Amino acid sequence: MTGRARRPTSPKYQEISDTRKDQVMTTSPATGWEVLDTALQGLATVADALRDGDLALPTPCEQWNVAQLLQHATGDQGAWAAAVGGGPGPAENPFTPSGILAAAPAALVAEAIRLANGAWQAVRPADGAVPTPLPVGPLPAVVAAGACALDAGVHAWDLAVATGQPSPLTGALAATLHDAAREVVEPLRGFAYVPALPAEPGDDQVAALLKYLGRRPDWKAAN
């Protein structure tokens with residue numbers, strides 16, 4: 001689905017002040033980490049195109065619909081920002097999303113980006129032990145930034161394919177995220193990630209990453 005009209009304000013979203021909304025909606029990824037900025041921009045692009053009718057659609061994360069997955073993805077970024085830079089963290093557990101959005105999808109992602117910008121700008125590639133929200137604990141800065149980007153990038157793909165949008169996951173981004181995935185995914189199998197799917201000859205970089213994360217590259221809602 002391309003060329004969508006912008007969704008009008010819906011009463012299902014909790015109101016935020018006009019001033020705050022303007023501040024949030026103009027936030028762009030500027031974390032100082034190219035891979036994270038790229039992944040977050042992909043998430044923002046997908047969220048900006050979501051319509052009210054999309055929110056109940058199924059996703060590749062089979063236990064969650066679009067609204068719940070959006071809550072999870074933005075909540076994860078809040079958890080990362082709190083771990084890396086301090087702060088209160090997300091208002092609700094990203095792994096038990098209610099499906100009731102506190103704001104419009106684009107505003108939720110913009111707020112997540114604002115938090116990410118503030119947290120990651122102070123992190124340098126040479127930093128050796130960056131706090132993370134993962135059970136593995138602190139990680140080298142490059143690995144931590146890649147893991148945070150992995151979360152945003154793959155959920156951007158999930159939301160895109162669930163709602164018929166173009167995938168924001170390019171081959172170059174997928175290759176970089178796959179490197180990060182190899183560092184952090186295995187201890188999280190069965191919790192944050194399902195078992196990997198078998199690789200096949202001819203898999204491109206995007207397919208290789210998705211299968212490593214247990215996703216079908218050809219996922220459709222009827223699957």
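The values are calculated or read from the model by the stated rules, or taken from the named source; none is laboratory data. If you're wondering where the values come from, they're calculated on a predicted model, not measured in any experiment. FYI the Cβ positions are ideal-geometry reconstructions off the backbone, even for glycines, and counts take in every protein chain you see.
Put simply, of Ala73, Ala81 the only residue that is crowded, with 22+ Cβ neighbours inside 10 Å, in contact with a Leu (Cβ under 9 Å, 6 or more places away or on another chain) and without any contact (Cβ under 8 Å) to a residue 60 or more places away in the chain is Ala81.
Within the stretch 163-201, the set of residues being of a type in the set (Asp, Glu), surrounded by fewer than 16 Cβ atoms within 10 Å (Cβ to Cβ) and under 24 Å from Ala144 (Cβ atoms) comprises Asp179, Glu186. Being in contact with a strand residue (DSSP E or B) (Cβ under 6 Å, 6 or more places away or on another chain), over 21 Å from Val194 (Cβ atoms) and modelled with pLDDT of 95 or more is a description that does not apply to Ala116. What about Ala126, is it out of contact with any helix residue (DSSP H, G or I) (no Cβ under 6 Å at 6 or more places or on another chain) and in a loop (DSSP other than H, G, I, E, B)? In short, yes.
Residues in the stretch 16-54 that are modelled with pLDDT under 50 and more than 27 Å from Trp80 (Cβ to Cβ): Asp18 only. A Cβ distance below 8 Å, combined with a sequence gap of six or more or placement on separate chains, defines the contacts here; from the stretch 117-140, residues that are of a type in the set (Asp, Glu) reach residues that are in a loop (DSSP other than H, G, I, E, B) in the pairs Asp127/Pro140. Within the stretch 129-156, the only residue that satisfies the criterion of being more than 24 Å from Asp54 (Cβ to Cβ), touching a Gly at 6+ places or on another chain (Cβ under 8 Å) and part of a helix (DSSP H, G or I) is Ala141. Of all the criteria given as (1) crowded, with 19+ Cβ neighbours inside 10 Å; (2) more than 22 Å from Gly214 (Cβ to Cβ); (3) of a type in the set (A, V, I, L, M), the one not satisfied by Ala91 is (1). Looking at this structure, is Pro60 within 16 Å of Val161 (Cα to Cα) and surrounded by 20 or more Cβ atoms within 10 Å (Cβ to Cβ)? The answer is yes for Pro60. If only residues of the stretch 113-132 that are within 18 Å of the chain's Cα centre (by Cα) and polar (S, T, N, Q) are counted, the one that is farthest from Leu70 (Cα to Cα) is Thr132. If you go through the stretch 159-196 and keep only what is touching a Lys or Arg at 6+ places or on another chain (Cβ under 9 Å) and either assigned to a helix (DSSP H, G or I) or at pLDDT below 95 (or both), you end up with Val161, Val194, Pro195.
Exactly one residue out of Ala175, Ala180, Ala208, Ala221 is of a type in the set (Gly, Ala, Ser), more than 18 Å from the chain's Cα centre (by Cα) and more than 23 Å from Leu108 (Cβ to Cβ), and it is Ala208.
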